[in-house]
Each structure stands twice: as structure tokens, then as C-alpha cells.
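Below is one structure; the comments refer to it alone.
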Amino acid sequence: MSHTLIIGLGNPILTDDGVGVQVARAVEDALPPHLRDEVRVTEAAVGGLRLMEMMAGYRRVILIDAMLGPDPAGTLRRLTLPELETISPTQHSASAHDASLITALEAGRRMGLPLPDDIVIYAIAAENVVDFGEQPTPAVAQAIPRAVEAVINEIVHSS
Amino acid sequence: MKRITIDPITRLEGHGKIEIFLDEEGEVANAYFQIPELRGFEQFCLGRPAEEMPRITNRICGVCPEAHHMAATKALDALYHVEPSSAVKKLREMFYMAFYVTDHTTHFYALGGPDFVVGPDAPKAERNILGVIHKVGVEVGKQVIDCRMRNHHVIQMLGGRGIHPVAGLPGGWAKAVGEEERQEIEAIARQNVDFALFSLKVFDDIVLANKQYVDMVLSDAFTHRTYYMGTVDANNHVNFYDGMIRVVDPDGKEFVKYHPRDYAQHIAERVEPWTYLKFPYLKVVGWKGFVDGRESGVYCATPLSRLNAADGMATPRAQEAFEKFYETLGAKKINGRYEPVHYRLATHWARLIELLFAAERMLELAQDPEITDPNVRVVVKNAPDEGVGSVEAPRGTLTHHYQTDENGMLTKVNLIVGTTNNYAPIAMSVKKAAQSLIHKGAVITDGLLNRIEMAFRLYDPCMSCATHSLPGQMPLEVVIRDAEGAVVQRLTQYVDSRLYD
């Protein structure tokens, strides 16, 4: 089994919300050959419990997601899990069916699932996550190459 | 007029907003339930090939992509005038039962759990799945996770993809089931039946054995007498995958039974000035406002509704649970069928009975000799024009309606999603709970607000799609305004129900 899991998060048909998925796909294409066995790249439009369950068995997880907040659209931020905890639930996945990722991870650990300690989030500030569309807005699209580079650097330098 | 705003609602799919308006005396004058709508889905689909719809529409929602996938696939059957084989129908239904098991399980333990298992007055930090695990034990928590994971495995096996399935084809299913897989699914279905029976026992032990909870379930604050909708099979038993749409009146008498394709003859949509939402109602009865009763066209489409609209369950143990449900809640039998249960909080119990049915039905299908039939695809020969597909989503009747040109390119798309059916009942429940719990001089505590939230959470509302951008600030905000509209108090509630002043 691969030791690192990269998950592009978001809905690929909801304009900027799909940027995490686009970055993940580009990361997969740009992966150096010697890392292809130990790094698995996937995409998901889930949060909370299901996201937690996806992480089981990996030593490290890198999440790539869109973010709504005060930053200008296209701003790239690297967050750790404790930092994520300080900024409250995800917009559409604070769910009737779900818990926040932090709560879900805690629940999973208590139930003995092998979950990674090393979880990093690359977040790209989004502008539009309410209109259906397959392309991000221009400012968000421009952030994609920077995000890909940052994720690749993170993998290369710590692998 | 004072205004209390609760925005957004934690543990609600998507984010919503409840506005409660108080009068000069501090009594609840009105309560409104609002959510932001995502824009432009129909336009986004127009001009695309119809056969893409099972894969596009399952991106509407990250909670029930399987339901959209199935409704879209059935709409394609109708659009291309192709009847799936009996084996294909069974394969699809088995896939759909695995989805139901995981969805209803998650709802009870992650949503109903915080309200019932932990309790509405439990400390805020415990009203989440961690609190549920603490109360019922880590072993049960492990069973919940195991149940989800084994059924996700089935969904992936049958649907071709873990989260957003891809197997639905007009008249067919992309992948047959081999004998080895069938055996694995059969074993999983057996575990599901045991788990569903266990969950009903948890409900017995924790809710029914607690007089305070039972009183709350039976209280007027959580009671509404409306019409009920659900899909039924040829025997008028609950069915999630296929059948006729049956509506019963508040006394339990069949009001209408119609083919899903005729939905537009029976359902109309009310537009209100204060929200983008449209409120479906029974066309023949008419819109009389957000009110109960036979004269009001408001109907409800939930697990409770499906039980109320049916004469029984199609599997033996679910039927036993069904009878116990109505007997325990004091429903009389009239002309051979139980009168409806109107206690909205009983929806949580009804959901567990449906969980048991889904598990039993999955087992039946896994044991069906036809299920391993390798012939699961057909060549589509007819030109497409128009099609309606319908299933029972966990949250209510889900209808997809497509029209195309002769090349199969979409020219019209209309969707009535599960929760939409319940917009009016949700608004009514929120108002009634608020009226009974907020009175002049009463301190607005977190417990009170939680009870109001319970009023809509029981509907298991899913308001949005699978988008889940990380927000900068997305707290639950409670704003209290005086008669002039000035803010007198502001409370903010963050994730996992922590409350800050």
C-alpha cells in the first residue's frame, strides 16, 4: 500500500469548488516516477466521516481544497490540522450525515482505525462555489500551477 | 419585532438559516427556514448528452449521489424506451439497498444520535458522534464504522466507483456480479440485518425506555397532521427502488396513487417572496399556507411518510417492526391498515425500520438466482424524447425529468429532490417547536435552540451539493433583536456545537 495519499477535494462541476480536484489531477501527472509507487492520488467530494475513512491505513495525507474566507481569490495557504480546527466547519459538509473532519478523525482514532498523524491541507481561496460550471474563475485558475508546485515540493522534500 | 437568527444549522447538509420573529410580547410570531440555493444546474445540463446525466447528477449531492445516479438511470430507461431485464432491476436494487443501509445508519448515529442517544440537554461538547460513542460504547462505534465501510465496499463493487457511481446505463447496468462477489455481498447483507436489529434495540433501550424522550416524541410541539407520500409496490408495501407514488390523507385514506411520470399532474410548486425555495404541494387540494390538515395541500415525504403511505413492509422482520411501531404509538387499524402516525420525531424510529427493510431486501436479492445473470446490458434502439425516473431517496421521493432532441441532447431538465418535498413541513415544524419553547421571559438557552433544530433535523434535510469549500468563518449565529430591530444579544455557535458569547 502507498504511504502517502493525496486527495483533491471538491465538486468538479461547481466552478471554484472543483479547484482541489484539478490540482490533484495535475499533481498526479507531475509526480516524479520514483514516487509513483508510494504516493496515491485520488479525488473526492466528501467530508467528515467518509473522508476520514478514506485516510485509514496511510501514514500521510495531503488534502487539496477550495476555501472561502477573507483572502483574495487564488490565495494559496498551507494549513495543518490544528490550524484547520480553529476555522470551523466546512461549508457544505457540516452535514446531517456527518461530523467535521476533526471530530471524524477523533471518532476514528477512538475506534482503533489506523489513521495518519501527518495531515496537511493546501487551501485555495475561492470566489464562486454556488454556480454550476466546470472551470474555475480566472484568479483561482491562476493558482493551480503554484499549488501543484507546492504539493510536489512537499512530497519530494519529505519522502 | 424581535428577530432570532440561527445561521447556519450545524449537522445540516449544506448550510441553512432559521429566522424566528418575535412580537412585542416576546412570543414567536413567525419562523422561516431559509437556505441558499445553488444556481444554474438545469442550464448547466442543457445541450449535453442525456446519457451523461447519471454521472453529472450524482455530483449534485455528496450525501446521496447513489440516489441521483439511480433516478437518472431510470429516467434514461424511460427516455430511450427500454425496459431493463428483471436481473438488471434486481442488481440496481441491491446496489441501492447497500446505499440505504449506510445512509440510514449514518443518520441515526451521527444525527439522531446527538439528539436522542446523548439527549437534547446534554452538554454542547457531547452532542456529536463522539458523545454518541461515549454513551453507547466504542464497540458500537466500531460497528457503525464497519457497517459504513462494508457497504461502501459493495457500492464500489456494484457501482464501479467508490463515491460517485458510474454503472447506470439506459436499460442496463455496466457490470454483472460474479458468484464470488455474490457470496461476499450475501455475507455483508447478513451482517446488515443483524446490525439493523441491533440498532432497533438501541432505540428501544435508549429512547423508548426513557419516559422523558417518549413524552417529547408524543408532544404536540413535534406533531403535524399532513398528507404523506411514498413509493409502494404492487402490494402497497414500501419500496425504495420502484413502484407507484401513493399519497394518503391525514386520516390514512388513500388520496391518490399515480405513476411517477405523472407527477406534474399531482404536484405544484408554491413560490414565497422571502425565499428562493419552491414549496411543492398537492395540486388538487391547493395551497392554503403553512398549515396542517386535510384542506391544506402540504404533504410530507420522509421515512415516516413512507410507512404511513404504505400498508406494510415487504420483508418479515421489518413488517414485525412496522406493526410494533404503530401499536406502540397507539395507531388504530382502519380497514385493515394502520392510521398514520403524526409524531414527527417518530421519523427517527421509522428510519431504523427502513434500515431493517433495506438490509433484509439486500439479503433476499443477494440470494436470488437471477442476480448473477451476466446479461446486464442492452442495445438501445429507440430514439430518445422524454423520460421521468423516480426513486425514494432516503430524504424523500426523488424525481428526474428529462427531454431531449432526436440526438439525445438535453433540452429540458427538471428535478424534484427528496428534501424539496419537505420544505413546507420543515418550516411548519420549526415554527411550532419555536412557539412551544420560546415564551415571554424565557431565557433562550442552547437547549431550547437545539430543540428547534431537532424539529428540522428529523427530516434529515439535505440542502446542497457536494461542494465543501473550507470557510474562513462559518459559525452558527444567533442574533436577537428588539422591537426596533436593534441587536440586543449575539450568540455564536461553532462546529460540534460549542457555544461562545
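Only the coordinates and a few stated rules stand behind these numbers; no lab work does. Note that the structure is a prediction, hence the values are computed from the model and not measured. Note that we place each Cβ from the backbone using ideal geometry, even for glycine, and neighbour counts take in every protein chain shown.
Which value in deg cm²/dmol, rounded to the nearest 500, describes the helix-derived mean residue ellipticity at 222 nm for chain A, given -39,500 (n - 2.57) per DSSP H run of n ≥ 4 and division by the residue count?
On the way: 5 runs with 56 residues, N = 159.
Helices in chain A give a 222 nm mean residue ellipticity of -10500 deg cm²/dmol.
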How much net charge surrounds B:I56 when only the other residues with a Cβ under 12 Å from the Cβ of B:I56 are counted, with Lys and Arg +1 and Asp and Glu -1? -1
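Taking 0.36 nm per intervening residue step and subtracting the Cα-Cα distance, what contour gain separates B:N414 from B:H81 on full extension? Don't skip to the end; give the middle numbers.
Working: separation 333, 0.36 × 333 = 119.88 nm, distance 1.87 nm.
Between B:N414 and B:H81, full extension yields an extra 118.0 nm.
Fewest to most neighbouring Cβ within 10 Å: what's the order for B:T328, B:T57, B:T420? Don't jump to the answer; show the numbers that get you there.
Values: B:T328 14, B:T57 29, B:T420 24.
Going from sparsest to densest Cβ surroundings: B:T328, B:T420, B:T57.
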Report the label-to-label distance for A:R25 and B:V284 in nanometres (one decimal), using points 7 Å from each Cα along the Cα→Cβ vector. 4.8 nm
Taking a label point 7 Å from the Cα of A:E127 along Cα-to-Cβ, the residues of the range A:142-159 whose backbone nitrogen sits under 18 Å from it are A:142-147
Cα-based reach from B:K431 at 21 Å (exclusive), listing lysines while leaving out same-chain residues under 8 positions away: B:K2, B:K17, B:K278, B:K288, B:K440
What does a probe at B:Q265 reach in the range B:204-247, counting residues whose amide N is under 15 Å from the point 7 Å along Cα→Cβ? B:244-247
Lys and Arg at +1, Asp and Glu at -1: add these up for the other residues within a Cβ distance under 12 Å of B:K283 and post the number. -1
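Considering only Cα-Cα distances, which of the following residue pairs are longer than 22 Å: B:K283/B:K324; B:K257/B:K283; B:K142/B:K211; B:K90/B:K412; B:K74/B:K412; B:K257/B:K432?
On the way: B:K283/B:K324 34 Å; B:K257/B:K283 14 Å; B:K142/B:K211 28 Å; B:K90/B:K412 29 Å; B:K74/B:K412 16 Å; B:K257/B:K432 30 Å.
Those over the limit are B:K283/B:K324; B:K142/B:K211; B:K90/B:K412; B:K257/B:K432.
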The range B:224-342: C-alpha gyration tensor shape, a/c 1.5 cut-off, then a/b vs b/c: prolate
For chain A, modelled as a GNM with alpha-carbon contacts under 10 angstrom, which of A:M54, A:M67, A:M111 fluctuates the most? A:M111
Work out the FRET efficiency for B:R48 and B:H153 from their Cβ-Cβ distance, taking R0 = 35 Å, and round it to the nearest 0.05. 0.65
Distance between Cα centroids, the range B:86-160 to the range B:230-294: provide it in whole Å. 28 Å
Using Cα positions and a limit of under 20 Å, work out the aspartates and glutamates in reach of B:K253, with same-chain residues fewer than 8 apart set aside. B:D233, B:D292, B:E295, B:D311, B:E323, B:E327, B:E339
With both partners inside the range A:4-158, how many of the DSSP beta bridges are antiparallel, as a percent to the nearest 5? 20 percent
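Subtract the Cα-Cα distance of B:H134 and B:N210 from 0.36 nm times their separation in residues, and report this length gain in nm to one decimal.
Values: separation 76, 0.36 × 76 = 27.36 nm, distance 1.82 nm.
Extra length from B:H134 to B:N210 when fully extended: 25.5 nm.
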Near A:A73, within a Cβ-to-Cβ distance under 11 Å, what is the net charge of the other residues, with Lys and Arg +1 and Asp and Glu -1? -3
How far apart, in nm, are two points set 7 Å out from the Cα along the Cα-to-Cβ line at B:Q403 and at B:K440? 5.6 nm
